[in-house]
Amino acid sequence: LAGGPLSGRHALVTSGPTWEPIDPVRFLANRSSGRQGHAIAAALADRGARVTLVSGPVSVPPPSGVTVTRVETAREMLAACTAALPADIAICAAAVADWRPAETATLKLKKGAGTPPPALALAENPDILATLSAPGPLRPALVVGFAAETNDVVAHGEAKRRSKGCDWIVANDVSGDVMGGAENEVHLITEEGVEHWPRLPKEAVAARLADRIAAVFA
Ligand code: C5P
């Protein structure tokens, strides 16, 4: 919306999983649907921000009024994010694969009688949130990460805020049906402390987060 509280601001949002190729037909991935990240991109655009959404492979529709860059791998996602800078706001909601196959076979791996299964050596992917959070002239004024945990959600979230160097962490418990589901129950962890938000549709979590972000830039 022109004249919205975030008009004139550029927001970069990552969303969805990454796909890390094993060979031309196989990949490593995860259960992220992109629903939360896409809802955040839409909510920021509704408040007047210019939004660049860098998305892994998802089936949710692209939000209207948002520029979408589609990527597959973590390394492509990092390149698309750095190419989108400068940004005032970065929200890393993507479930980036921590590891990728160290090598991608150019031909489909074949099984054969008497041949053992291939060993899958892994290499570490770049950390997009930590990279965007690193001090420097292109660091967005507000960087927000997500922490998907199955236990000790707040403690892990607080540790992650420090180790990644981001400003806020949205921490959620993914031991239930959150990943791929329609609702989310999160804690917002900032320098000031921890807020527990009620279980809400992902669109409502996005709206509430976007309102908090708009307040920072008011
Ligand atoms: O380290 P962990 O994956 O638990 O951290 C989650 C947060 O870090 C999320 O905001 C996610 O988008 C971001 N992340 C990233 N690049 C990675 C791994 C995680 O941006 N390679």
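The values are calculated or read from the model by the stated rules, or taken from the named source; none is laboratory data. The shown structure was predicted, so the numbers you read here are calculated from the model rather than taken from an experiment. Note that each Cβ is placed from the backbone with ideal geometry, even for glycine, and that neighbours are counted across all protein chains shown. For the accessible areas, the whole protein counts, side chains as well, though only heavy atoms, and no ligand, DNA or RNA atoms are used. Shrake-Rupley method; radii C 1.70, N 1.55, O 1.52, S 1.80 Å.
Considering each residue of segment 125-147, count those that are within 8 Å of the ligand (Cβ to nearest atom) and either buried (at least 21 other Cβ atoms within 10 Å of the Cβ) or of a type in the set (Phe, Trp, Tyr) (or both), and give that number.
7
For the subset of segment 46-56 comprising residues that are in a loop (DSSP other than H, G, I, E, B) and over 16 Å from the mean Cα position of the chain (by Cα), which member is nearest to the ligand (Cβ to nearest atom)?
Residue satisfying both the conditions and the ranking: Ala49.
Test Gly3 against the stated conditions and say whether it is more than 30 Å from Leu109 (Cβ to Cβ) and modelled with pLDDT of 95 or more.
Answer is no for this residue.
Within the group Gly157, Gly176, which residue is free of Cβ contacts under 8 Å to residues at least 40 places away in the same chain and buried (at least 18 other Cβ atoms within 10 Å of the Cβ)?
When all the criteria are applied, what remains is Gly157.
Restricting to segment 1-45, name every residue that is open to solvent by 60 Å² or more (accessible area, probe 1.4 Å) and within 17 Å of the chain's Cα centre (by Cα).
Result: Trp19, Arg31, Arg35.
Looking at (1) within 22 Å of Asn172 (Cβ to Cβ); (2) within 14 Å of the ligand (Cβ to nearest atom); (3) of a type in the set (Ser, Thr, Tyr), can you tell me which one Ser59 breaks?
For Ser59, the exception is condition (2).
Examine segment 86-97 for a residue that is more than 20 Å from Gly165 (Cβ to Cβ) and not charged (D, E, K, R), and state whether such a residue exists.
Yes: segment 86-97 contains one or more residues that are more than 20 Å from Gly165 (Cβ to Cβ) and not charged (D, E, K, R).
Could you please tell me which pairs satisfy a Cβ distance under 7 Å, a separation of 6+ or placement on different chains, a first residue in segment 18-34 that is at pLDDT 95 or above, and a second residue that is assigned to a strand (DSSP E or B) and among the hydroxyl-bearing types (Ser, Thr, Tyr)?
Close Cβ pairs (under 7 Å, with a partner that is assigned to a strand (DSSP E or B) and among the hydroxyl-bearing types (Ser, Thr, Tyr)) amount to Gly34/Ser15; Gly34/Ser55.
Quick check on this structure: which one of Ala134, Ala182, Ala130 is more than 14 Å from the chain's Cα centre (by Cα), modelled with pLDDT of 95 or more and at negative phi?
Ala134
Listed here are the residues, each with its yes/no results for (1) in a loop (DSSP other than H, G, I, E, B); (2) free of Cβ contacts under 8 Å to residues at least 24 places away in the same chain; (3) open to solvent by less than 70 Å² (accessible area, probe 1.4 Å).
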{"residue": "Ala83", "(1), (2), (3)": "no, yes, no"}
{"residue": "Arg100", "(1), (2), (3)": "no, no, yes"}
{"residue": "Glu103", "(1), (2), (3)": "yes, yes, no"}
{"residue": "Ala123", "(1), (2), (3)": "no, no, yes"}
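When the residues of segment 62-79 are narrowed to those that are closer than 16 Å to Ala130 by Cα and crowded, with 18+ Cβ neighbours inside 10 Å, which ends up nearest to the ligand (Cβ to nearest atom)?
The selected residue is Ala74.
Residue by residue, here is whether (1) closer than 23 Å to Ala95 by Cβ; (2) not in a strand (DSSP E or B) holds:
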| position | (1), (2) |
| --- | --- |
| Gly112 | no, yes |
| Ala130 | yes, yes |
| Pro135 | no, yes |
| Val143 | yes, no |
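Working only within segment 188-210, note down all residues that are open to solvent by 40 Å² or more (accessible area, probe 1.4 Å) and within 19 Å of the chain's Cα centre (by Cα).
The answer is Pro201, Glu203, Arg208.
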